[in-house]
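These notes are about the structure you will find just below.
The values are calculated or read from the model by the stated rules, or taken from the named source; none is laboratory data. Everything numeric in this text was worked out from a predicted model, so none of it was measured. Ideal geometry is used to build each Cβ from the backbone, glycine not excepted, and the neighbour counts take in all protein chains shown. Ligands, DNA and RNA are stripped out before the accessible areas are found, and what is left, the full protein with its side chains, is counted by its heavy atoms. Shrake-Rupley method; radii C 1.70, N 1.55, O 1.52, S 1.80 Å.
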Amino acid sequence: MKLFKLGNLVVTYLLLFFILAVVGTVFVRGLPGLYRALKVPEIVFAVKLSLYTSFVSTALCLLVALPAAYALARYRLPGRGAVASLLRIPLSLPPLVSGVCLLLFFGTTACGEALERIGLHFVFTVPGIIMAQFFVNVSGLITVLKGAIEAVDVRLEYVARTLGCSPGRAFTRVTLPLIKNGLLAGLILTWSKALGEFGAVLMLAGAIRFKTETLPVSIYLHMSTGDLDALMASATILILISLISLAALERKGAGLPGRVSGL
Amino acid sequence: MRNSLPEAGKLRLSGVTKKIGGFSLQDISLEVAPGEYFVVLGPTGAGKTVLLETVAGIHSVDAGEIWFDGVNITAWPPEQRRFGFVYQDYVLFPHLNVKQNIAFGARVNRWSKNGLEKKIEDIAALLGISHLLRRFPGTLSGGEQQRVALARALVTEPQILLLDEPLAALDPRNREALQQELRQLHKIAGTLTLQVTHDFEEAFFLADRIAVLDGGRLLQVGPPEEIFARPRSAAAARFVGAENIFTGEIICRDGKKFVRLDGALLEVNTGLSGPVGFSVRPEDILLNNSPQPGNCLRGKILICCEGVILQGND
C-alpha cells in the first residue's frame with residue numbers, strides 16, 4: 001500500500017519537475033532579454049498581430065459557437081449525434097491538415113474565388129490568420145458551450161417562458177448567467193489556443209515577415225535564421241501569456257473539469 | 001370567437017395528441033371551468049407532466065386544439081399564454097435570490113417598481129416566506145422552495161395555474177401543510193388550477209373534479225366522489241385504491257340485475273349488461289358468522305365463514 005502511494009507520488013513529482021525544467025529552460029533564459037525584445041519592431045509587430053488576430057478569431061468563434069452549441073444542446077434535430085460529431089472534425093484534425101484544407105478551399109475552388117471577387121482574401125493575408133485560428137478552435141468552443149448549456153436544466157427556460165420571456169430572453173436572463181463560468185473558461189481556452197496556433201496559420205497565411213508574422217510564426221522564422229535571442233523572447237512572451245491564462249482559468253474554474261470535459 | 005359567454009374563462013382541450021420521447025398523450029379532451037380546481041390523477045409515466053407542459057405551450061401539439069376563454073390558443077407560445085407553472089422539484093432560478101425569483105415575471109413584463117414591491121411583500125406574507133426574501137434557493141428547504149415557486153407563478157396573476165405534483169417531493173408534515181395552503185390560496189385567488197398528481201388522497205382533498213390519466217389516455221373525468229365510488233375501468237379502480245376487483249356477468253332476474261360473486265348473487269344498480277368487472281370496497285363488507293338476511297344493511301355485503309351471501313345492492 002505504502003509502495004503504491006510512493007510510486008504514484010514519485011511519478012507525479014518527476015513529471016512536474018520535467019515540465020518545469022523544460023519550460024524553465026526557455027523562460028529563465030528569455031526573461032532577462034524580454035524588455036529589450038519588446039523594443040524590437042519585428043517582435044512588437046508579432047505581439048500586436050497575435051493579440052489582434054486571436055481576439056478577433058475568439059470573438060468570431062463565440063458568435064458562431066454559442067448558437068451552434070445551443071442548437072445541439074436543446075433542439076431535437078434529426079441526426080443530432082451525427083451533426084455534433086461532424087462539427088468536431090476540426091478538433092480532431094492535425095492543425096497542419098486543417099491548414100492544407102483551408103488553403104486548397106480558398107485557393108483553388110470556385111467558392112474561394114467568389115470570396116476573392118468580393119474582397120475577402122484569405123490566402124497569405126491577415127484575415128487568413130483569423131480564418132485559420134477560427135477553423136481550428138470553433139469546434140472546441142462548441143463542445144465546451146454545449147456541455148455547459150446541457151448542464152442547465154431546460155425547465156428553467158420553460159419556467160422563464162411561462163413568465164413572459166421569449167426564447168432569446170429566457171436564454172440571456174437564465175441560461176447565460178448560469179453558464180458564465182463555462183463560457184469564460186471556454187473563451188480563455190479558445191483565445192490562448194488561437195494565440196499559439198501555428199500549423200494552420202502557416203499553411204493558409206504563410207510565414208511572411210511583417211505581414212503574417214504572429215508570435216509562433218516569429219519563433220519559426222527566427223529558428224530558421226538562427227536568431228536565438230529573438231526566438232527566446234517570442235517564446236517567453238507566449239509562455240507568459242499561457243501562464244496568465246492558466247491562472248485565470250483556475251480562478252474561474254470552480255466546477256470546471258466537468259464543463260470542459262468535452263475537450 | 002371570444003366571449004361567447006359559456007366559453008368565458010374556460011380551458012378546453014379537444015383531441016390533444018402529443019408524442020415526446022417515451023411519453024405520449026392520445027386524444028385528450030376535457031373542459032375545465034373558470035375558477036375550478038381540476039386534478040389529473042395518474043401513475044408515473046402516464047404523461048401527466050407532458051400534459052401540463054402542452055397546456056403551458058412548452059410543447060406544440062401533434063393534433064388537436066387548446067382553447068382558453070373562447071380563443072384558440074393552440075399556436076400560442078408559452079410567453080403569450082403566461083400560465084403560471086410550478087414543477088414538482090420547484091425549478092427556481094439558482095442565480096437569483098428569493099425576491100428576484102418572485103419578481104422575475106414582473107420584471108420581464110416591466111411592471112412599475114412601486115407596485116411590484118408591495119405585491120411581492122403581500123404574496124410572500126401570504127405564503128409565509130417574508131423572512132426568506134434575501135436567501136438563495138440552494139439554502140432553502142423543500143417546503144420553502146415550493147412556496148417560492150408558487151409565489152413566483154402567482155405574482156403575475158396568471159389566468160391559469162399549472163401544478164406538476166407540487167407536494168410529491170415534500171416530507172409528510174410539509175405536505176399536509178402545503179396541501180391546506182393550496183386550498184386556501186385557491187379560495188383566495190380563484191385561479192383556474194390544473195394540477196397533476198399520482199396521489200389519490202391529495203386529488204380527493206383538493207379537486208373539484210378529477211380526470212384519471214393512464215398510458216396517455218383519459219380514462220374517466222368526474223367529481224372525486226364519483227371517481228372513488230364508480231370507477232369506470234379496472235385501471236381507474238385500481239388507481240383510486242380498489243383492491244377487490246372481480247369479473248362476472250350481469251344477470252337479469254325478476255326485473256332486477258345481479259352479478260355473481262363466488263356462490264352468491266349481488267344485486268347491482270347499473271345500466272350495463274353482459275360481462276363486467278366490478279370492485280367491492282373493504283368498507284362495504286360486513287363480517288358476521290350468522291348468515292341471516294336481517295344481519296346486513298342495504299348497500300353492504302355480508303360475509304360469513306361459509307362464503308358470501310347476497311345483501312343490498314350497488
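Key figures for this structure:
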| quantity | calculated |
| --- | --- |
| Hey, A:L87 in contact with a helix residue (DSSP H, G or I) (Cβ under 7 Å, 6 or more places away or on another chain) and either within 16 Å of A:A132 (Cβ to Cβ) or without any contact (Cβ under 8 Å) to a residue 60 or more places away in the chain (or both) or not | yes |
| Residue pairs meeting the criteria (Cβ under 8 Å; at least 6 apart or on separate chains; first closer than 15 Å to A:A205 by Cα, in the stretch A:103-127; second loosely packed, with under 11 Cβ neighbours inside 10 Å and not hydroxyl-bearing (S, T, Y)) | A:F105/A:C111 |
| Output for the stretch B:80-108, where each listed residue is facing chain A (nearest Cβ under 8 Å) and either free of Cβ contacts under 8 Å to residues at least 12 places away in the same chain or farther than 27 Å from B:A33 by Cα (or both) | B:V91, B:F93, B:P94, B:H95, B:F104, B:V108 |
| Verdict on A:L102 being surrounded by 17 or more Cβ atoms within 10 Å (Cβ to Cβ) and either of a type outside the set (V, I, T) or in a helix (DSSP H, G or I) (or both) | yes |
| Qualifying residue in the stretch A:66-81 (condition: surrounded by fewer than 17 Cβ atoms within 10 Å (Cβ to Cβ), of a type in the set (K, R) and within 24 Å of A:M203 (Cα to Cα)) | no |
| From B:R232, B:R209, residue being touching a strand residue (DSSP E or B) at 6+ places or on another chain (Cβ under 8 Å), touching a residue at least 60 places away in the same chain (Cβ under 8 Å) and not hydroxyl-bearing (S, T, Y) | B:R209 |
| Within the stretch A:107-128, tally of residues that are within 22 Å of A:S50 (Cα to Cα) and touching a Phe, Trp or Tyr at 6+ places or on another chain (Cβ under 6 Å) | 3 |
| Residue within the stretch A:39-62 that is under 29 Å from A:L202 (Cβ atoms), open to solvent by 80 Å² or more (accessible area, probe 1.4 Å) and not in a helix (DSSP H, G or I) present | yes |
| Residue that is most open to solvent (accessible area, probe 1.4 Å) [pool: residues in the stretch B:51-79 that are within 13 Å of chain A (Cβ to nearest Cβ) and assigned to a helix (DSSP H, G or I)] | B:E79 |
| Enumerated helices (runs of 4 or more DSSP H) restricted to the stretch A:147-233, each holding at least 2 residues that are away from chain B (no Cβ under 14 Å) | A:180-196, A:199-205, A:215-225 |
| Counted residues, the stretch B:56-71 - those being under 19 Å from B:V32 (Cα atoms) and touching a strand residue (DSSP E or B) at 6+ places or on another chain (Cβ under 6 Å) | 7 |
| Checklist (1) of a type in the set (S, T, Y); (2) under 30 Å from A:F171 (Cβ atoms); (3) surrounded by 11 or more Cβ atoms within 10 Å (Cβ to Cβ) applied to A:T108, failing item | (2) |
| Subset of the stretch A:207-226 [among the charged types (D, E, K, R) and surrounded by fewer than 18 Cβ atoms within 10 Å (Cβ to Cβ)] | A:R209, A:K211 |
| Evaluation of B:G35 against (1) farther than 17 Å from B:S14 by Cα; (2) facing chain A (nearest Cβ under 10 Å); (3) touching a residue at least 40 places away in the same chain (Cβ under 8 Å) (one fails), failing number | (2) |
| Residues of the stretch B:231-248 that turn out to be open to solvent by 60 Å² or more (accessible area, probe 1.4 Å) and of a type outside the set (F, W, Y), as a count | 4 |
| Filter pass, A:L141 being away from every other protein chain (no Cβ under 14 Å) and open to solvent by less than 10 Å² (accessible area, probe 1.4 Å) | yes |
| Test set (1) touching a Phe, Trp or Tyr at 6+ places or on another chain (Cβ under 9 Å); (2) surrounded by fewer than 19 Cβ atoms within 10 Å (Cβ to Cβ); (3) within 30 Å of B:G22 (Cα to Cα) - B:I251 fails condition number | (3) |
| Boolean, B:G47 is under 20 Å from B:V212 (Cα atoms), open to solvent by 20 Å² or more (accessible area, probe 1.4 Å) and either more than 10 Å from every other protein chain (Cβ to nearest Cβ) or without any contact (Cβ under 8 Å) to a residue 40 or more places away in the chain (or both) | no |
| The stretch B:109-124: number of residues that are more than 10 Å from chain A (Cβ to nearest Cβ) and outside any helix (DSSP H, G or I) | 2 |
| The stretch B:116-162: number of residues that are in contact (Cβ under 8 Å) with a residue 60 or more places away in the chain and within 15 Å of B:A189 (Cα to Cα) | 11 |
